[in-house]
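If you scroll down you'll find the structure; I have some questions about it.
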Amino acid sequence: MIELPDLAAGGLAAGTLSALVLGGGLLRSRRQRTVQRDEIAALRAHLDGVVQTFAAEIEHLAAKRVPAAARHLTHPHVAVPGPLQLRAAGSSLGVAMENVLEQLRVELTAQHLRVDAAAQAGMRGATREIQAALYRLQDALRGLQQQYDDPELTQTLFELDHENEQSLRRAQVAAVVCGAWVGLAREESHVVDAVTGGQARLAGYHRVRVNNHLEPGTALVSHAVEPVAIIVAELLDNALRHSAPDTDVVVNLEHVHHGVCVTVDDAGLGMTQDERARAQRMVAGTEPILLTDLGDPPRMGLAAIGQLTRQFDLSVDLSSPSPYGGVRGVLRVDSHLLTRIDPDARPPAASAPRPTRRPQNDEPARSTSHDYVPEPETHDPRPTADGLPQRRRRTRAAAPEPAVTPQRPPALRPEEAAAALGGLQAATAAARSETAEHDTERDDHEGGTAR
């Protein structure tokens, strides 16, 4: 039998043990809660840091990266900044932000192309109307030149005709850049005629010196004549604009292994390496041409060359400097765009430089280079598909050449040629009037004798 004191002592011991167990559990619980509070605080601090980092990245994306990505589409030299935290570049957040930029680029490019296509369509229609009006004005001026004999009026009409020709060139270049057809239908022509035809469209044509080293009769197929004339005109225009007015622009026409090359050299300031690389990309015609990429005001010459090289399988190179210190432009016309015209049956224009190569019949070659005076062009009233008249150069009947070609007089400037033509017409009119007066006096005299 257990005694009461022993029982009480045992109960007290058991209670003490239970209290110790409960106290230890409470202590462990408190420690766990402390650890959990610390972990929760650390997680909250980390979350706050992540939120701040995310907010900073979003602000950086909106303020810096998105505008730079938009500018990069039109100005490739603009660098697009990366994320603020380098470690974010490979994270899911970094990947998501890069996807945002990529989708932005895709959408901006699509919108840019749609807007530019609409602008080009509008400009095509406007330039077509302008070209048609300028052709009508040109025909009217040519008619007036043939109608009146006054030297001063003839010179003024000649100058107006040349100004109109330059306006036609600008309208034609704008139309070509916007994807329109060249607008003129031509027959097969001598290469030298196409080159001098492009030269005649410029204000400073008298500064151009053409050296013709082609074999007589070297010609272009019909669909390549106008593109070659446009490209030569734009290369010469760039050369004349970027060189001093007292310097010459030298053009050489030469045979190469797979065709013909037209080389244009100027003595201007030249271009930097970046400018030359950009110009080469434009004339290569491998990239789409957007009006917004051409500056303000738009510089369309190189863009037009790029359109034509792509459409007509031509090649233009601007990667080499000129030996005169400026820029060298080389137009290569491959053999499949060349043909031959009998130079005796259908000679080049009288104002075109004579070839340096001896003809096949071993006739002596004539002078190689001289000042060029523009030769009028006529228009076929039959319109093309664009509603524009067809331009055809006036042809002259072939005249037999003497065994020894006499020395040719120096070519006249446009105003001198116009004055000479007007003087000749005035002299002819005066001679006709004087002859008529003599005939009247003779008839009166004979009538008096008979009476």
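For a quick protection proxy, order the peptides 25-37, 100-112 by their average other-Cβ count within 10 Å, most packed first.
Packing order, densest peptide first, comes out as 100-112, 25-37.
Please work out the average accessible area per residue across segment 115-215, using the 1.4 Å probe convention, and give it in Å².
On the way: 4050 Å² over 101 residues.
Result: 40 Å² of accessible area for each residue.
With θ taken as phi - 60° and the coefficients 6.51, -1.76 and 1.60, list the Karplus ³J(HN,Hα) couplings across segment 29-46 in order, rounded to whole Hz; mark glycine and proline as x.
Rounded to whole hertz, the list is 5, 4, 4, 5, 5, 5, 4, 5, 4, 5, 5, 5, 4, 5, 5, 5, 4, 5.
Highest mean first, what order results for 321-330, 147-156 on Cβ atoms within 10 Å?
Peptide ranking by packing, descending: 321-330, 147-156.
What are the equivalent ellipsoid semi-axes of segment 33-152, built from the alpha-carbon gyration tensor (square roots of five times its eigenvalues), in whole angstrom, biggest first?
Numbers: eigenvalues 898, 32, 17 Å².
In descending order, the three semi-axes are 67, 13, 9 Å.
Give me, ordered by chain and number, the residues 5 or more places off VAL208 or on other chains with an amide H under 5 Å from its own placed amide H.
VAL249
For segment 96-101, take each phi angle, set θ = phi - 60°, evaluate the Karplus expression 6.51 cos²θ - 1.76 cosθ + 1.60, and give the result in whole Hz per residue in order, putting x for glycine and proline.
Computed from phi, the couplings for segment 96-101 are 4, 5, 5, 5, 4, 5 Hz.
I've got another one for you. Would you please give the residues with an amide H less than 5 Å from that of THR339, counting only those at least 5 places away or on a separate chain, with H modeled from the backbone geometry?
ALA219, LEU220, VAL221
Could you sort the peptides 72-80, 272-280 by per-residue average Cβ neighbour count (10 Å cutoff), highest mean leading?
Taking the mean over residues of other Cβ atoms within 10 Å, the ranking is 272-280, 72-80.
The values are calculated or read from the model by the stated rules, or taken from the named source; none is laboratory data. These figures come from a predicted structure and were not determined experimentally. Neighbour counts are summed over all protein chains in view; Cβ atoms, including those assigned to glycine, are modelled from backbone coordinates with ideal geometry. Calculation scope for accessible area: heavy atoms of the full protein, side chains included, ligands and nucleic acids excluded. Shrake-Rupley method; radii C 1.70, N 1.55, O 1.52, S 1.80 Å.
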